[in-house]
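Here, each number is a calculation from the coordinates, and none is a lab measurement. Quick caveat, the model's predicted, so the values are computed rather than measured. Cβ placement follows ideal geometry from the backbone for every residue including glycine, while neighbour counts extend to all protein chains displayed.
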Amino acid sequence: MKAQASCFGAGTIVNAIATGKGAAFGLALRATATAETVPKEEGVTVVVPEDANPLLAEGTARRVLRRTRRKAGLRVSVDSEIPISRGLKSSSAVANAVALASARALGADLEPMQLIGLGIDAALEAGVTITGAFDDACASFYGCVAVTDNRTRRLLRVDRLPEDLVAVIQVPGRMITKPSLAGVDFSPIRGEVEEAFRLALGGHYFQALERNSMAYAKILGIDEGPAQRARVAGAVAAGITGTGPAILALAKPAHVDAVAKALAADDAVVRTASLNTLEAREVSP
């Protein structure tokens, strides 16, 4: 049996690394996974985009297979338009898509939170996340604003951003991988990030996003200049997404061109994307 599923990336409101609590919103950059059952003796095989970590897709598919207890193997392929290791939640989108496609191929009707949890466990094992990224995974799967406690995997608030906003993203050529952050001490910014989280929990997402960005920029050594220029150009909010190095600005359509010019840089590509409000879903292969 064969199945295909699509899921989308996300942007950061509050990064959970410093406190274990975070918030994210859905972003319409797609990852698609195709899963096909094969004889058990063939095991689990995966094909992923260049520079992607195959352990994430493989680990997710194996966990779904174990949960369903089917005597089968899985062949999984992944296609994604989400830049890797830039803070745009490519790992969450891929894990969600692989989990959903694998479950459907195996004929298993797993609940969304079960699928999300299997992907998070695989991401932790693969070393592509520090906190488990429950906030990112929920925003990615449900297409919403997700405010979460990543340590207990509790969804504390679900919401939507205004529908008339466009994401304008500066995507540098360099990557920041999670293993490269090993040993970084985030404790000096804990108080600032806690305040950003309180703002997000109260629904003040734009203020939270910018407070979070100012805190993490100091620790990560990322220049906030592009975000500041984007705000001057008309963005309603702008800041670092994830651990960067991408800068993400939210703007109304009338200001998109000006914000894109403000984010332009020789070492980066500027992309635009709609906000995602669609839940992860199976699609026709």
*Where does the charge balance sit around R174 when Lys and Arg score +1, Asp and Glu -1, over other residues with C-beta under 13 Å from its C-beta?*
-3
*Provide the gained length on full extension for the span T277 to R153, in nm with one decimal, where the gain is 0.36 nm per separating residue minus the Cα-Cα distance.*
42.5 nm
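For the range 49-145, run through the chymotrypsin sites (Phe, Trp or Tyr not before Pro) and keep only the ones in DSSP coil with at most 10 other Cβ atoms within 10 Å of their Cβ.
For chymotrypsin sites (Phe, Trp or Tyr not before Pro) across the range 49-145 that sit outside H, G, I, E and B with at most 10 neighbouring Cβ atoms in 10 Å, the list is empty.
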*Please give the length that would be gained between L124 and R198 if that part of the chain were fully extended, namely 0.36 nm times their separation in residues minus their C-alpha to C-alpha distance (nm, one decimal).*
24.0 nm
*Treating the angle as unsigned and between 0 and 90°, give the value, to the nearest 10°, between the Cα long axis of helix 205-220 and the longest Cα principal axis of the chain.*
90
*Whats the longest run of the chain with zero GluC sites (Glu not before Pro) that are DSSP loop and have at most 10 other Cβ atoms within 10 Å?*
164-285
*Can you give the Rg to Rh ratio for the range 123-191, taking only C-alpha atoms and Rh from Kirkwood?*
1.01
*With a cut-off of at most 15 other beta carbons within 10 Å, and DSSP calling the residue loop, which trypsin sites (Lys or Arg not before Pro) in the range 1-103 qualify? Please list them.*
R69, K71
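Taking each pair of different alpha-carbon atoms in the range 2-160 once, compute 1/r for the pair, average those values, and report the inverse of that mean as the Kirkwood hydrodynamic radius in Å to one decimal.
Taking every pair of different Cα atoms in the range 2-160, averaging 1/r and inverting gives 15.0 Å.
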*For every helix of n ≥ 4 consecutive DSSP H residues, a contribution of -39,500 (n - 2.57) applies; sum these over the chain, divide by its total residues, and give [θ] at 222 nm rounded to the nearest 500 deg cm²/dmol.*
-11000 deg cm²/dmol
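I want to verify the translational diffusion coefficient of the range 154-285 in µm²/s; compute it with Stokes-Einstein, Rh as the Kirkwood radius over Cα pairs, at 10 °C and 1.306 mPa s.
Working: Rh = 15.9 Å.
The diffusion coefficient I find is 100 µm²/s.
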*Set the Förster radius R0 to 22 Å, insert the Cβ-Cβ distance between K71 and K2 as r into 1/(1 + (r/R0)^6), and round the FRET efficiency to 0.05.*
0.80
*Which aspartates and glutamates, on any chain, are close to K89 with Cα under 14 Å apart, when same-chain ones fewer than 8 places away are left out?*
E81, D135, D136
*Considering the options V166, A258, V48, tell which one lies farthest towards the positive end of the dipole of the chain, charges being +1 on Lys and Arg and -1 on Asp and Glu at the Cβ, about the Cα centre.*
V48
*Taking the Cα centre of the chain as origin, work out the dipole magnitude from +1 charges on Lys and Arg Cβ and -1 charges on Asp and Glu Cβ, in debye rounded to 20.*
620
*Charge-dipole axis of the chain as Lys and Arg at +1 and Asp and Glu at -1 on Cβ define it, positive-most pick from A238, V184, S92*: S92
_Shape metrics for the chain, restricted to C-alpha atoms - Rg then Dmax, Å_ = 18.2, 59
*Cα-centre dipole for the range 30-144 with unit charges at Cβ (Lys and Arg positive, Asp and Glu negative), debye to 20*: 420
